[in-house]
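J.: This is the structure, below, for whatever I ask next.
Where a number appears in this text, it was derived from the coordinates with a stated rule and is not lab data. Bear in mind the structure is a predicted one, so any value in this text is a computation, not a measurement. All Cβ positions, glycine included, derive from the backbone under ideal geometry; neighbour counts span all protein chains shown.
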C-alpha cells in the first residue's frame, strides 16, 4: 500500500501511523477518499480514530479499502469506530467507489491513447503501477511518462480495460471493442494475464448479434484471433 516517495504521485500519498508511533505506512489519498466516506467528509477526525488503532488493525482496514478484502468479525468494532462498515454482512460499495475514483478528474495524471484516434482515457499512474507489471517497469525507468498509446485497443476498449484495472470487473459496452481486449492481460503483465480474455469471450457470447457479427469477425481476423473467429462462425455461419 505504500510507495517510494520518489515516484510522481508522492504528493498524493499520506502517512498513516499506528498509536505506538513505531509503525507507519503511506497510502494513496485519492483512493482512500473515494473508498472511505468518513475520511472524505471529516479527514482529521477519521485519521485520529484510525491512528488510535494497533498497526495490524490499521492494515486490515487499509487492505479492505484498497482491495475489498473481507472484514473479520474480530475487527468489526474497529471498522465501525472508523465508520468503514456498520455490520456484517454489508453491501460492498467497492465497484462504485473505484469507478468514482476512475472518474475523478481532479487527480488524473496519465492518459491511455487508443490505436485509432487522439482521444484520451484518463487514469491514475498509481493504479497502473499497482495493477500492471508493464506500467510498473515503465514508471520505474521513466517517471515523467504521462501517456501511452495502445497499439491494439480503440477508445471503447481502453475504457473497459481501465474499468477492469480499477475494479477487477469487466463491464461490456461494445461487442467489437471487446475483440481489442484479447491479449491485454499478457501485454500489460496483469496478475492473472488470461482473466480478461476469459471475460471478454464470455461477454462476446452474450453481445454477439446478426447485426454486429460481421464486424466482430472482421476485427478478429485483423488481430488473428482464431478463437473469436470460430465463435462467430459457430453462432452465425457464413
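J.: Sort the following peptides by mean Cβ neighbour count (other Cβ atoms within 10 Å, averaged over residues), highest first: 61-68, 210-217.
T.: Ranking the peptides 61-68, 210-217 by packing returns 61-68, 210-217.
J.: Give me the mean projected area, in nm² to one decimal, of the convex hull enclosing the Cα positions of region 104-191.
T.: Its Cα hull, projected and averaged over all orientations, spans 5.5 nm².
J.: When the chain is treated as a GNM, springs tying every alpha-carbon pair under 10 Å, which of 155, 17, 43 comes out with the largest mean-square fluctuation?
T.: 43
J.: Hey, what's the Cα Rg ratio for region 180-238 versus the globular rule of thumb, 2.2 N^0.38 Å?
T.: This ratio for region 180-238 stands at 1.14.
J.: For the chain, with a Gaussian network of springs between Cα atoms less than 10 Å apart, report the residue from 133, 21, 163 with the top mean-square fluctuation.
T.: The residue with the greatest mean-square fluctuation here is 21.
J.: What number, rounded to the nearest 500 deg cm²/dmol, is the helix-based mean residue ellipticity at 222 nm of the chain, given -39500 (n - 2.57) per DSSP H run of at least four residues and division by all its residues?
T.: The helix-only estimate for the chain comes to -14000 deg cm²/dmol at 222 nm.
J.: Now for a separate question. Could you put 143, 87 in order, starting from the residue whose Cβ has the fewest other Cβ atoms within 10 Å?
T.: So the ranking, lowest neighbour count to highest, is 87, 143.
J.: Cα convex hull of region 8-89: how many Å³ per residue?
T.: It is 91 Å³ per residue.
J.: Can you tell me what share of the DSSP beta bridges in the chain is antiparallel? A percent to the nearest 5 is fine.
T.: Roughly 75 percent of the beta bridges in the chain run antiparallel, per DSSP.
J.: Listing 74, 167, 57 from the residue with the fewest other Cβ atoms within 10 Å to the one with the most, what is the order?
T.: 74, 167, 57
J.: In nm, to one decimal, how far is the residue 22 label point from the residue 74 one, both placed 7 Å along Cα→Cβ?
T.: Taking the two extended label points, one gets 2.0 nm.
J.: Oh, and also: Return 208, 194, 181 ranked ascending by Cβ neighbour count within 10 Å, so the fewest neighbours appear first.
T.: Fewest to most other Cβ atoms nearby, the residues stand as 194, 208, 181.
J.: Same structure again: Here are several values of Rg/Rh (Cα atoms, Kirkwood Rh): (1) 1.04; (2) 0.94; (3) 1.00. Which one was derived from the coordinates shown?
T.: (1)
J.: Take the alpha-carbon centre of region 180-212, take the same for region 102-132, and report the distance between them in whole Å.
T.: So the two Cα centres are separated by 20 Å.
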